[in-house]
Each structure stands twice: as C-alpha cells, then as structure tokens.
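Visitor: Below is one structure. I have some questions about it.
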Amino acid sequence: MNVAAVVVAGGRGTRFGSQKQFTSFAGKTVAAHAVESARIVADVVVLVVPSDYAGSGEGADLVVVGGDSRTASVRAGLDAVPLADVVVIHDAARPLASAELFLRVVNAVHAGADAAIPALAVTDTVKRVAGDRVIETVPREDLVTVQTPQAFRRVALVAAHAAQVQATDDAALVEANGGRVVIVDGEPDNIKITNPGDDIRLRQRRGVGMKIGQGLDVHAFSDDPTRELVLGLVKVEGPGLVGHSDADVATHALCDALLGAANLGDLGRHFPDSDPTWSGVASEVLLRDVIEKIARLGYRPASADITIVAERPKLAPLMPAMSRALTAVVGCVVSVKATTSEGLGAIGRAEGIAATAVVLLEEFS
C-alpha cells in the first residue's frame with residue numbers, strides 16, 4: 001500500500017493570537033516539523049495553508065489553499081493528493097508526534113481498519129455543566145481523547161467527505177458513514193498548540209537540544225617587541241604571542257570549543273594561517289564569525305568557561321574585563337579564570353601561554 005499525507009495548516013490561530021502553525025520552534029516552523037514527521041510514512045506530503053500564506057512550502061511536496069473550516073481544508077488537501085491506498089491526516093500544530101505513532105496508525109489501516117486514530121485514556125473526572133453549575137458527573141471508563149495523525153483507507157475517507165458534513169476530526173465522518181474506526185495508543189507529549197502559552201509547554205515537553213564542546217590553544221611568546229599581548233579581547237601589558245592573527249590564546253580556545261560543539265571542526269579549518277586575509281586580524285572578528293556560523297545551525301551559546309594557564313603576566317585584575325568583553329560578543333556569560341602550571345613544562349618556564357575552554361550550546365527556535 002502506498003501512503004500520502006495531508007498536513008492541515010490552514011487555521012487563522014484566533015485563540016492563539018497568531019498563525020500558530022508557522023511560529024518558530026527548534027530552528028524551523030511548527031508546520032515544517034509536522035511535514036517532516038509525516039514524511040516518515042508518506043510518499044507524498046500535501047500542506048494545506050491559509051489564503052495569505054507567503055512561505056516556501058515548509059518542506060511539503062504540494063501546497064494548496066484551504067477553506068473556511070478545518071473540514072473544508074482537509075477536503076482541499078484530499079483533492080490534491082495523488083492516488084494512494086492510505087491517507088494520513090495530521091494537524092500542523094502537533095509537531096511532536098513520533099515516528100512510532102505515524103507507523104501505528106498506518107499499520108492499523110494496513111491490518112484492515114477503515115481508520116485508525118491515536119487515543120489517550122481520560123484520567124480526570126469529567127463533569128457536564130451549564131454555565132457555572134454542574135449538571136452531572138460523566139462516567140469516564142469508556143472515554144478517550146484523540147489526536148492526529150489519523151490514518152484512513154482513501155476510499156473510506158473520500159466517501160465520508162462526499163456528504164459535505166462538518167466535523168472536528170475526520171474519523172467522525174468515517175464513523176458516521178459506517179466505517180470501522182479503531183484506536184491505537186496516543187502519546188502524552190503529542191500536544192497541540194491552541195492557546196497562548198501552549199508554545200511554551202511545547203518547548204518544555206520537547207526539551208532544549210544541547211551540545212558541548214571543548215577547546216585548547218597554546219602560543220609561544222614572541223621576540224617581536226611590536227607584538228601586543230591580547231587575552232580574552234583585552235590588551236594586556238607584556239610581550240605578545242606568536243601567531244598568524246593577534247594570537248589571543250583565550251579567545252582562540254573559546255572559538256575552538258564553539259566550533260567543536262557545533263561539529264564544525266577547528267579554528268584552522270575556517271581561518272587557515274596560509275590565508276593572508278587573517279594575518280594580524282583581531283580575534284574578535286574570528287569570534288563573531290564563529291557565533292554566526294553556529295547560529296545558522298540553530299544554536300547559541302548557553303554557557304562558556306575559559307581557563308588561562310600562564311606564569312606571567314599576573315591576570316587576576318584583568319579577568320573581569322575579559323569576561324565582560326567576551327560576554328558582549330558571545331551573548332552568554334563567559335567565565336574567565338587563570339592559573340599557573342607551577343613551573344612545570346614550557347608554560348611553567350614562561351615560554352608561552354595556554355588556554356582551555358568549555359562551552360554549552362543550546363538549540364533555539
């Protein structure tokens with residue numbers, strides 16, 4: 001059986017306050033996440049959008065304009081679906097539906113059902129009310145709440161929609177038309193963005209993607225009296241360091257940590273010492289470039305910590321200034337510490353300065 005999917009993104013977002021399906025989430029729109037998830041089972045994905053849609057398709061194969069109701073929008077999408085045995089209908093405002101959930105509903109239709117829908121048992125007591133007055137307590141044992149994605153035999157879904165009846169979900173139409181609808185286990189994390197604040201719950205449920213990186217850099221002291229010593233973007237009194245750029249060992253270690261966390265290699269890959277473009281360049285330029293590179297991947301620094309290892313000069317009075325200067329560029333607090341190597345090795349013999357850095361990147365929407 002071949003499968004097509006219709007991702008419904010035609011709503012106006014009246015309750016949410018904006019078109020919730022196109023709000024940004026984890027580096028792409030909510031609708032783009034839904035399209036990506038639907039592609040797990042579907043050969044073709046159709047996205048149904050509002051008439052004022054100005055996007056680029058959110059990764060779908062076909063984009064069609066919806067109607068003035070959810071049911072009308074589904075019909076518009078269904079009309080655009082190429083011939084398929086199974087059609088999956090999914091709300092664009094549910095970006096966390098898992099691959100397993102898509103497979104469960106499709107497999108249930110493959111097994112013979114006309115429709116399969118994800119369901120969750122009702123765990124709260126249910127009351128029927130009139131205004132602020134309780135009328136009765138409703139038995140909950142046979143009640144479930146349902147979600148999307150919902151899978152259908154195409155012929156059953158087309159026949160159900162032929163009646164031109166409105167419904168809150170497509171399974172209701174198939175039920176009314178005499179079709180066999182079965183339930184599969186839903187997912188508590190498969191929340192739908194509907195009201196203000198739901199996007200915050202969405203991020204809390206998903207969690208924030210984190211990446212960690214470390215960096216290490218070492219530079220020898222220069223014999224050139226014109227070389228300035230720069231550490232953590234701050235000019236420091238003392239002999240400068242040997243390097244193609246300004247040899248700011250602390251900032252270089254930080255850059256390497258940022259690049260490593262983003263799986264972008266090291267500083268030499270992006271700013272090779274064979275390229276005269278970077279000769280004598282201020283390390284602030286390199287750091288800003290690195291921040292832009294990781295931002296294009298949907299990440300930003302959440303935390304950064306640098307340790308400078310040097311016998312001289314004394315750095316304690318300058319560390320707050322370094323922290324402020326780096327923080328202003330990086331966008332998160334950058335901790336700067338300094339220590340010595342207790343006279344051991346080349347650093348202990350005051351032949352140069354080393355620095356290590358650790359950073360944490362967080363995914364942003």
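Visitor: Mind listing just one residue for me: the one in segment 242-259 that is among the hydrophobic types (A, V, I, L, M, F, W, C) and closer than 11 Å to I353 by Cα and, of those, surrounded by the fewest Cβ atoms within 10 Å (Cβ to Cβ)?
Guide: V242
Visitor: Would you be able to tell me the number of residues in segment 117-149 that are on the phi > 0 side of the Ramachandran plot and either touching a residue at least 40 places away in the same chain (Cβ under 8 Å) or surrounded by 11 or more Cβ atoms within 10 Å (Cβ to Cβ) (or both)?
Guide: Going residue by residue through segment 117-149, those that are on the phi > 0 side of the Ramachandran plot are 131.
If we keep only those that are either touching a residue at least 40 places away in the same chain (Cβ under 8 Å) or surrounded by 11 or more Cβ atoms within 10 Å (Cβ to Cβ) (or both) too, we end up with none.
The number of residues fulfilling the criteria is 0.
Visitor: I need every pair where a residue in segment 286-303 that is in a strand (DSSP E or B) has its Cβ under 7 Å from the Cβ of a residue that is surrounded by 15 or more Cβ atoms within 10 Å (Cβ to Cβ) and among the charged types (D, E, K, R), sequence separation at least 6 or different chains.
Guide: Y299/K211; Y299/E362; Y299/E363; R300/E362; A302/E362
Visitor: Sort through G59, G66, G55, G131 and tell me the only one that's farther than 19 Å from A34 by Cβ and either among the acidic types (D, E) or in the same structural domain as D170 (by TED's automatic domain parsing) (or both). Don't jump to the end; show me each part of the working.
Guide: Numbers: G59 fails: farther than 19 Å from A34 by Cβ; G66 fails: farther than 19 Å from A34 by Cβ; G55 fails: farther than 19 Å from A34 by Cβ.
Unique residue meeting the criteria: G131.
Visitor: Continuing with this model, one more query. Here's a check for you: in segment 206-241, which residue that is assigned to a loop (DSSP other than H, G, I, E, B) and touching a residue at least 60 places away in the same chain (Cβ under 8 Å) is surrounded by the most Cβ atoms within 10 Å (Cβ to Cβ)?
Guide: Restricting attention to segment 206-241, the residues satisfying the condition of being assigned to a loop (DSSP other than H, G, I, E, B) are 207-209, 222-228, 232-233, 237-240.
With touching a residue at least 60 places away in the same chain (Cβ under 8 Å) added as a condition, the list becomes 208-209, 232-233, 237-238.
Values: V208: 13, G209: 13, G232: 27, L233: 23, E237: 9, G238: 16.
Among those that are assigned to a loop (DSSP other than H, G, I, E, B) and touching a residue at least 60 places away in the same chain (Cβ under 8 Å), it is G232.
Visitor: If T307 satisfies every condition in (1) out of contact with any helix residue (DSSP H, G or I) (no Cβ under 6 Å at 6 or more places or on another chain); (2) in contact (Cβ under 8 Å) with a residue 24 or more places away in the chain; (3) over 15 Å from L360 (Cα atoms); (4) in a helix (DSSP H, G or I) but one, which is the exception?
Guide: (4)
Visitor: Separate question: Report, by residue number, each residue of segment 269-282 that is surrounded by 13 or more Cβ atoms within 10 Å (Cβ to Cβ) and free of Cβ contacts under 8 Å to residues at least 40 places away in the same chain.
Guide: Start the filter on segment 269-282 by keeping residues that are surrounded by 13 or more Cβ atoms within 10 Å (Cβ to Cβ), which leaves 270-271, 278, 281-282.
Result: H270, F271, W278, V281.
The values are calculated or read from the model by the stated rules, or taken from the named source; none is laboratory data. What you see is a predicted model; the values in this text were computed from it and never measured. With ideal geometry, Cβ positions are generated from the backbone for all residues, glycine too; neighbour counts draw on all protein chains shown.
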